[in-house]
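The values are calculated or read from the model by the stated rules, or taken from the named source; none is laboratory data. Please read all numbers here as calculations on a predicted model, not as lab measurements. Ideal geometry is used to build each Cβ from the backbone, glycine not excepted, and the neighbour counts take in all protein chains shown.
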Amino acid sequence: MTTPKIQPDFLIRLGNLDRRWLYLLLLVSLSLTLLYSPLFPDTPSAFTRPIFQRIEELSPGQSILVSLDYSPASAPEIEPMAFAVTRHLLVRGIRPVYVTLWPEGNNMLQEIRSQVIEVDFPALEEGRDWAALGFKSGGPLLINALRQDLSAMYTGDLRGVPLDSLTALGGAKKLADFPLIIAFSGGTPGLKEWILYGGDPTGTPVAGGCTGIGTPEFLAYFPVQLMGLLGGLKGASEYESALAARYPQRDFPRRAGRRMGPQTVAHVIVLLFLVLGNLSYLRRRSTTSGPSTPASGGTR
Amino acid sequence: MKRLVPRVITSAVGILLILTAFIARPDEAGEGPWLVRAFAYIDRNFSVWFSILAVFAFILGGASLLKSHLSKIMQRRPDWPYSVVTLVSFLAVLVIGLFKLGGPPGLQGEVTDASAWFMVVFEALYEPLMSTLYAMLAFFVASAAYRAFRLRSLEATVLLFAAFVVMLGRTPLGTWLSDFLPKSLNFLRIDTMSMWIMRVPNVAGHRAVFIGIAVGVAALTLRVLLGRSSAEGDQA
Amino acid sequence: MSTHIEVWIGAALTLMVLSFLWRDNPFYKFAEHLFVGVSAGYWMVMGFWSTLWPNGIVKLVPAAARVTDPGAELPPQEPLVIIPLMLGCIMLLRLWPRLSWLARWPTAFAVGTTLGYNLVRVVRSDFLAQIHATVAPGVLLASSTGGIDWVASVNQWLILLGTACGLIYFTYTRRGRGLRNGPARAGLLILMVAFGASFAYAVMGRVAVLVSRLHFLLGEWLGLV
Amino acid sequence: MSLWLNAESWNLLIVILAMMAALIWGVRRAMAGHRPRVRRIAGVEAMEEAVGRATELGRPVLYVAGTQDLDNIQTVASLGILGSVGTMTARHGCELIMPTDRSLVLSAAREVLRESYTAVGRPDAYSPDIATYISDDQFGFAARVDGIISRKKPAACFLQGAFYAESLLLAEAGAQAGAVQVAGSATSHQLPFLIAACDHVLIGEEFFAAEAYLSEDPVKLGSLQGQDLIKNAVVVTLIGTAMLVSLAGALDWPWLTSFKDGVLRLLRP
């Protein structure tokens, strides 16, 4: 190699760069992209399409169970898809019945109520067109109880209206009475628990949305145990685009689509870090004698 | 006595619950032989009972929190003023929530009612703190990419390569970089490769992990039910 | 710029937490301790009102339902719910060292419940279902035109062998080294590919959260977006 | 019969019984004196070394049993590993810090630790303050533990159990504090981060085997042998059944098809 003398030092010095410079670079470039927020076009992938089609096939008036298992921390990824799917259900006249395995889920439900239902569907009535059963603790064990009997855990909805008076339930008494379960899941308990404890034992189809990090793992359940999956912000963006293509006259907001710009920038930056970090590492290894293999925790 | 009772409780509860999967379910009206009804009751209610127990655990947790921070304040240990912050915020949230302050009159309505102070606490304090901690992960992922994901070994290289291709495949950059390829070399396109990694080796890897874990769970269950694991806090 | 006090508090807390990226400092310590207090209180309140009250106390003393809703219909009493309530009280004995040995009982109940529920579900969903999903398509897949779809078949073979190698990697007891090392090594590499894919997807998720936080700072607080 | 038994889950019953039989076979074999030779699990051996190093440096060891409650099987497994780690720290006289985020785990951990410290004859060194409760909240917990790590500078961090998004928060803090880190988890989506930021990682089932490996109890080691038998059987089943399905599809012989259907029914989830 005929690299100039300064090159190895520079690469090695790059490897010792204080991590705070990396933080700063990421922060500045994301902020700049956010200020412009371009809209990226998107098309539904093979994992997203089945959910959209399944909801298109349901007949108006059917009730489906929607579980909101996320919190403000994972809301940036999950909420756009929960919003998009809720809009899809309501525009088709299907009645969502909301439950949640997370205490914060009640707050998330409030967001759906105030940002989606009250804005886009002001004519719909709680209890008749949709229902909010809300949070109960127990996680997987709650699902187990619902499998037998909804009334074992829920005496009424969040407002205290007894289950029997909720027409949105469409007479459903247990999990198997719903034609579809959709779980939006920011972690555990969540989609996995709905598959294991809800879908598998009852045979009810389960669809779901999960964070980016959960996607690869959930694909192992696709397509038999899990009929469709919205993976992270990208999945939400895909669903938004499918919804916009099918119902162009409604012109629903494209929250996930707008956030894909900063996403792309961040991916490029992380890829750059991977390459630079390894170039520096290889350079250092070739200059020091012998195969030095520092433990991963050892390099700062 | 001290050892035997908990061990018997664990084994009995565990075995009963395993059996519920194999006992018939009562019919629509909830009728059936007594054993069937008994097991249906267990299946339905032990989960509810566990969730009740979990709430007592919250109470115990709160008590432990009070105890440790109080003693820190009493003994004037380093950073004790911060313990005052924890104590005050904990007690304030508890009072606001348990007495449903600010919401509908008395104890009526939901604690998460839009007008309740509890919701104000949630939105002004809890949510920003929680989301920001989560957001810090983006920085840590970036720095891990820079300093930890190294081509140290064949395994690390494979991990890195898969991560690289899949990540590139999620951006327009991946499409753009492989646009020059002729149709016959379609399988070399970054987005095609990324999809293939997700659908084949990724699925195989996760399946092996899942099956392996299931075997581990079976073994652990047997060890604990037989009282041969220290996990129940009760080593012989 | 925002005129809401909550937004200002939120922004201040956001910056305090982010300051940890620079280094540990009093602002971070304050935010950390505040968070611990608020979150512990939050979970306790939610646990009380969403579970202990309706599923414990109201089931034991139905009249209690009227406290939160004066017009409520009284649910039937369930006397057996006294068992978990008692176990719960026993758990609190942990606070008195002399009686704390009794607190093993509720812990034992919890462990037993976990194992009992988990074993069957995990064997069903993670063991049988995964094996079934791997073998059910077979290894020679037909294409829509009638012949053998070689690409799909090879992929199916690879999934099958990959899963098998992964499992061989997870064996611990030794017998005849030579035969085992190849597949086990291949299994480890397959696992690494899977983890690499996880990492790539995780980047997306983490960034989404950070972007939303920045959106809060730049938009809701400073009004720039 | 069908009045009492759930006819739908007969195959599940057979599979579970077969698994139990294999495990019991391994255990009995080990009790009869055939101790299996177990391959080295690097992560497990690193734990003992890390505790030794912490003792020399006079710095504490930090143990986190995941961030899930006792209803997660990984937490139960982690408490088993905690038992062995407790024995090590007790023997070396090294300080142990164990923050928990669930009070059920706190209670169970205290029991486990007291047993371990008593078992090696150091009940005096045990204090309930080893294990403390932080907050049930995932990030509240992580914020506090990161604070603890950056102030107490533990020489070893053991992150063993079910982790979620907080895994990297904890592991990066440990890496920045210069601790030797051994992680173990069956939560596969967090494993890449643990692999990146920690020195050793017990992957998936290795994590469940660690307790048996650490304990050197013949019964537990025997169950490892049983586990291996099950996995070998799975490998054979995978390949055999996939071939059978393909053959049955290609040849279309009635008896072969019904045999194939029978096998698949046994494997139906």
(request) Output the residues belonging to the stretch D:212-234 that are under 16 Å from the mean Cα position of the chain (by Cα), of a type in the set (A, V, I, L, M, F, W, C) and more than 7 Å from chain C (Cβ to nearest Cβ). (result) D:A212, D:L214, D:L221
(message) Name the single residue that is surrounded by the fewest Cβ atoms within 10 Å (Cβ to Cβ) among those in the stretch D:143-178 being within 19 Å of the chain's Cα centre (by Cα) and of a type in the set (G, A, S).
(response) D:A162
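In this structure, does B:Y126 turn out to be assigned to a helix (DSSP H, G or I), surrounded by 24 or more Cβ atoms within 10 Å (Cβ to Cβ), at the interface with chain C (Cβ under 7 Å from one of its Cβ atoms) and without any contact (Cβ under 8 Å) to a residue 24 or more places away in the chain?
Details: assigned to a helix (DSSP H, G or I): yes; surrounded by 24 or more Cβ atoms within 10 Å (Cβ to Cβ): yes; at the interface with chain C (Cβ under 7 Å from one of its Cβ atoms): yes; without any contact (Cβ under 8 Å) to a residue 24 or more places away in the chain: yes.
Yes, satisfied.
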(message) Among the residues in the stretch C:151-158, are any under 30 Å from the mean Cα position of the chain (by Cα), modelled with pLDDT of 75 or more and buried (at least 20 other Cβ atoms within 10 Å of the Cβ)?
(response) no
(message) Name the single residue that is farthest from C:L188 (Cα to Cα) among those in the stretch D:202-219 being surrounded by fewer than 24 Cβ atoms within 10 Å (Cβ to Cβ) and among the charged types (D, E, K, R).
(response) D:D217
(request) Determine which single condition D:D199 fails, assuming it passes every other condition in (1) touching a residue at least 40 places away in the same chain (Cβ under 8 Å); (2) surrounded by 24 or more Cβ atoms within 10 Å (Cβ to Cβ); (3) touching a strand residue (DSSP E or B) at 6+ places or on another chain (Cβ under 8 Å). (result) (2)
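Which of the following residues is farther than 22 Å from A:R54 by Cβ, part of a helix (DSSP H, G or I) and modelled with pLDDT under 95: A:S114, A:S137? I'd like the intermediate steps shown before the answer.
Details: A:S137 fails: part of a helix (DSSP H, G or I).
It is A:S114.
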(request) With the checklist (1) in contact with a strand residue (DSSP E or B) (Cβ under 9 Å, 6 or more places away or on another chain); (2) among the small types (G, A, S); (3) at pLDDT 85 or above in hand, flag the one item C:A142 doesn't pass. (result) (3)
(request) Quick one: which residue in A:S237, A:S280 is of a type in the set (S, T, N, Q), more than 13 Å from chain C (Cβ to nearest Cβ) and out of contact with any strand residue (DSSP E or B) (no Cβ under 8 Å at 6 or more places or on another chain)? (result) A:S280
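Inside the stretch D:34-142, counting only helices (runs of 4 or more DSSP H) that do not spill past its ends, which hold 1 or more residues that are touching a residue at least 60 places away in the same chain (Cβ under 8 Å) and of a type outside the set (D, E)?
Working: elements: D:42-57, D:73-92, D:103-119.
The qualifying helices (runs of 4 or more DSSP H) are D:42-57, D:73-92.
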(message) Looking at D:A109, D:A119 in this structure, which one is aliphatic (A, V, I, L, M) and more than 19 Å from the chain's Cα centre (by Cα)?
(response) D:A119
(message) Can you find, within the stretch B:43-83, the residue that is farthest from the other protein chains (Cβ to nearest Cβ) among those that are farther than 30 Å from A:Q148 by Cα and of a type in the set (D, E, K, R)?
(response) B:R76
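So which of C:T68, C:T51, C:T3 is hydroxyl-bearing (S, T, Y), touching a Lys or Arg at 6+ places or on another chain (Cβ under 9 Å) and over 30 Å from D:E111 (Cα atoms)?
Values: C:T51 fails: over 30 Å from D:E111 (Cα atoms); C:T3 fails: touching a Lys or Arg at 6+ places or on another chain (Cβ under 9 Å).
After ruling out the rest, the residue left standing is C:T68.
Let me confirm something: among B:A40, B:A21, which residue is on the phi < 0 side of the Ramachandran plot, more than 7 Å from chain C (Cβ to nearest Cβ) and touching a Pro at 6+ places or on another chain (Cβ under 9 Å)?
Working: B:A21 fails: more than 7 Å from chain C (Cβ to nearest Cβ).
It is B:A40.
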(message) Anything in the stretch D:202-232 that is under 20 Å from D:M47 (Cα atoms) and without any contact (Cβ under 8 Å) to a residue 24 or more places away in the chain? List them, or say none.
(response) D:I203, D:G204, D:E205, D:A212, D:E216, D:D217, D:K220
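Sort out for me the helices (runs of 4 or more DSSP H) sitting completely within the stretch C:16-119 that have 2 or more residues that are over 29 Å from the mean Cα position of the chain (by Cα) and modelled with pLDDT of 90 or more. Spell out how you get there, then give the answer.
Values: elements: C:26-47, C:65-68, C:82-92.
Hits in the stretch C:16-119: C:26-47.
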(request) Would you please name the residue that is nearest to the other protein chains (Cβ to nearest Cβ), looking only at residues in the stretch C:192-225 that are in contact with a helix residue (DSSP H, G or I) (Cβ under 8 Å, 6 or more places away or on another chain) and touching a residue at least 40 places away in the same chain (Cβ under 8 Å)? (result) C:R213
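Checking the condition outside any helix (DSSP H, G or I) and under 25 Å from B:E155 (Cα atoms), which residue from D:V182, D:V235 passes?
None of the others qualify; the one that does is D:V182.
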(request) Test B:S11 against the criterion of being crowded, with 16+ Cβ neighbours inside 10 Å, in contact (Cβ under 8 Å) with a residue 60 or more places away in the chain and within 26 Å of the chain's Cα centre (by Cα), and give yes or no. (result) yes
(message) Give me the helices (runs of 4 or more DSSP H) completely within the stretch B:1-104, filtered to those with at least 2 residues that are modelled with pLDDT under 85, ordered by residue number.
(response) B:34-74
(request) Count, please, the residues in the stretch D:104-118 that happen to be touching a helix residue (DSSP H, G or I) at 6+ places or on another chain (Cβ under 8 Å), among the polar types (S, T, N, Q) and more than 18 Å from C:G88 (Cα to Cα). (result) 1
(request) Among the residues of the stretch A:211-240, write down those that are closer than 12 Å to C:S198 by Cβ and either of a type in the set (A, V, I, L, M, F, W, C) or in contact with a Pro (Cβ under 9 Å, 6 or more places away or on another chain) (or both). (result) A:I213, A:F218, A:L219, A:A220, A:G231
(message) If I ask for residues that are among the charged types (D, E, K, R) and within 21 Å of D:M88 (Cα to Cα), which ones from the stretch D:30-45 would you list?
(response) D:R40, D:E45
(request) Scan the stretch A:197-215 and give yes if some residue there is closer than 23 Å to D:N11 by Cβ, within 11 Å of chain C (Cβ to nearest Cβ) and of a type in the set (F, W, Y), otherwise no. (result) yes
(message) Here are the criteria: (1) more than 9 Å from chain B (Cβ to nearest Cβ); (2) assigned to a helix (DSSP H, G or I); (3) surrounded by fewer than 18 Cβ atoms within 10 Å (Cβ to Cβ). Tell me which single one D:V15 does not satisfy.
(response) (3)
(message) Tell me whether the stretch D:235-254 contains one or more residues that are facing chain C (nearest Cβ under 8 Å), crowded, with 19+ Cβ neighbours inside 10 Å, under 25 Å from D:V85 (Cβ atoms) and not charged (D, E, K, R).
(response) no
(message) I'm trying to understand the selection: among the residues of the stretch D:190-211, which are within 14 Å of the chain's Cα centre (by Cα) and not in a strand (DSSP E or B)?
(response) D:L191, D:G204, D:E205, D:E206, D:F207, D:F208, D:A209, D:A210, D:E211
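Specify the residue that is farthest from A:G231 (Cα to Cα); the eligible residues are those in the stretch B:157-183 that are modelled with pLDDT under 85 and assigned to a helix (DSSP H, G or I). Spell out the reasoning first.
Just the residues of the stretch B:157-183 that are modelled with pLDDT under 85, to begin with: B:169-183.
Okay, now just the ones that are also assigned to a helix (DSSP H, G or I), so B:169, B:172-177, B:183.
On the way: B:G169: 14, B:P172: 17, B:L173: 20, B:G174: 19, B:T175: 19, B:W176: 23, B:L177: 24, B:K183: 28 Å.
Once the filter is applied, the top-ranked residue is B:K183.
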